[in-house]
Amino acid sequence: MTIQNSSSSAFNLKAITRPNIYVLEPYRCARDDYKTGVLLDANENAYGPALVNTESAEFSVISSDTLAGLNRYPDPHQEEVKQLICNLRNLPIKDDQVVEPLKPANIYVGVGSDECIDTIIRCFCSPGKDKMLTCPPTYGMYAVSAQINDIEVVKVPQDPANGFDIRTDAVMEALSNDPSIHLLYLCSPGNPTASLVDRESVKKILKHPTWNGIVVVDEAYVDFAPVGSSLAPWVTKYDNLIVLQTLSKAFGMAGIRFGISYTSHSIATILNAVKAPYNVSTITSELAIQGLSVSSLSNVRKNISYILTQRDRLLRELPLIPGIGNFIGGHDSNFLLVQILDKPAGQPSNIVANKLYESLAQNKGVVVRFRGKEYGCLGALRITVGTGEENTILLEKIREALMEIYKA
Ligand SMILES: Cc1ncc(COP(=O)(O)O)c(C=O)c1O
């Protein structure tokens, strides 16, 4: 950032800006790069919002009462939507132990899970003093929010040779050795790895004998993983756990900005005390309530099953294209991470992957994300699973673009 002082006053922006903010590299969203085309870059839900009747002529989900009441501030506590979230997640889980059901007091809701990520850091890490731990490759906003809050990030990379498992012992050791680490951010299924974190590893860390800190498990994509994969029900059992979810992915409602944090009553009380009083708008909460209704949930399940069918198709058909290498990571999400080779049957290459990414976006109208610079992701593109029609275009355009790149 270079900002010049155009007046002759004593004003010097650099001198009064917090140094960590002055040098901040903002998070680069998918939409910063390309805005049009077949958009398979932001892990959105190509099948549309879960809301009922989106195809009907009378589709109008905001009630006239809600519209007439927009002169009033929204409910600061969002009790109704929190109860629906609890009903949704109070399902039997894989583990045999009976856990206490989730209640609205276990929940903090934010403007997308991105706001939750930031609120948690602000609550539990003192700027310039405390640290947090992440396991790269992982979601970029953890580090950006950390920098905004002047929090150092300690990194314990995942193990790419082992399907991107987290290195549990190394994480345990890092936590033992540094009491200034107050938060551990895990992403399950991971972005960009699409693999679930082993629940036994999470359990082991939650029971760390000496570390005093909080484990945050970001489950933005958990609804694309096998049913019962969520650790949200564990928050009534472990006092030091926060689980994040969002309506942006499986629910197809990224535009309303609604993120969820499940945690103990004590942590939820702190998060709710720190949030802006009316962070979730009336319109957002009304749409979230509708998205969580019984009929919308059946749309959610239908769309998830379409996405999983299309994911299987990409897993089968992408490797038939010369120059497509291995899928790396797992298959538990609505995207895949795949390596691009320097020549058919060659080696993974960042140069070719980046050329393919640019050629797809600039010449072929298909936008995916280059992830080759992430730890353990050499030559990788991250491709969101689109609709059947979009995936047909994707497959055809990748084949075409790779042929052109190899010929040049
Ligand atoms: C792992 C992960 N967490 C959180 C988010 C942000 O979600 P939201 O739209 O709820 O802010 C994303 C968005 O892509 C993500 O990939």
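The alpha-carbon positions of the chain define a convex hull whose volume is 175 Å³ per residue. Net length available on complete extension from LEU88 to VAL154 is 20.3 nm, with 0.36 nm assigned per residue and the Cα-Cα distance removed. The relative contact order of region 67-292 comes to 28 percent, based on Cα pairs under 8 Å that sit 6 or more residues apart. Protection proxy ranking, highest mean first, for peptides 31-37, 187-193: 187-193, 31-37, where packing is the per-residue count of other beta-carbon atoms within 10 Å, averaged. Determine the sum of side-chain charges near GLY291: Lys and Arg each +1, Asp and Glu each -1, restricted to other residues whose C-beta is under 15 angstrom from that of GLY291. After counting each charged neighbour, the total is +2. Taking 10 °C and 1.306 mPa s as conditions, region 156-248 diffuses translationally at an estimated 117 µm²/s according to Stokes-Einstein applied to its Kirkwood radius (Cα pairs). Cross-link pairs exceeding 18 Å in C-alpha to C-alpha distance, out of LYS302/LYS397; LYS82/LYS103; LYS14/LYS129; LYS103/LYS204; LYS131/LYS203, comprise LYS302/LYS397; LYS14/LYS129; LYS103/LYS204; LYS131/LYS203. Extension gain for VAL227 to SER266 (0.36 nm times residue separation, less C-alpha to C-alpha distance): 11.2 nm. Projecting label points 7 angstrom from Cα along Cα→Cβ for SER293 and SER64 puts them 1.7 nm apart.
The trypsin sites (Lys or Arg not before Pro) of region 190-274 that meet both conditions, a loop assignment by DSSP and at most 12 other Cβ atoms within 10 Å of the site Cβ, are LYS207. Our estimate of slack between LYS237 and LEU24, defined as 0.36 nm per intervening residue step minus the Cα-Cα distance, is 72.9 nm. Along Cα→Cβ, 7 Å out, is where each label goes; now give me the distance between the ones at LYS103 and ILE16 in nm to one decimal. Taking the two extended label points, one gets 4.8 nm. In the Gaussian network model of the chain, springs joining C-alpha atoms below 10 Å, which of SER64, SER295, SER180 carries the largest mean-square fluctuation? Looking only at SER64, SER295, SER180, the biggest GNM fluctuation is shown by SER64. Protein heavy-atom surface of the chain, 1.4 angstrom probe: 53% of the accessible area is carbon and sulfur, with nucleic acids and ligands not counted.
The average projected area of region 67-292, computed from the convex hull of its Cα atoms over all directions, is 12.0 nm². For the chain, the per residue solvent-accessible surface stands at 46 Å², with DNA, RNA and ligands left out and a 1.4 Å probe. The relative contact order of the chain, computed from alpha carbon pairs under 8 Å that lie at least 6 residues apart in sequence, is 21 percent.
The values are calculated or read from the model by the stated rules, or taken from the named source; none is laboratory data. Keep in mind the model is a prediction, meaning the values are calculated, not measured. Virtual Cβ from ideal backbone geometry, glycine too; neighbours counted across all protein chains shown. Just so you know, the surface numbers come from the protein's heavy atoms only, side chains and all, with ligands and any DNA or RNA stripped out. Shrake-Rupley method; radii C 1.70, N 1.55, O 1.52, S 1.80 Å.
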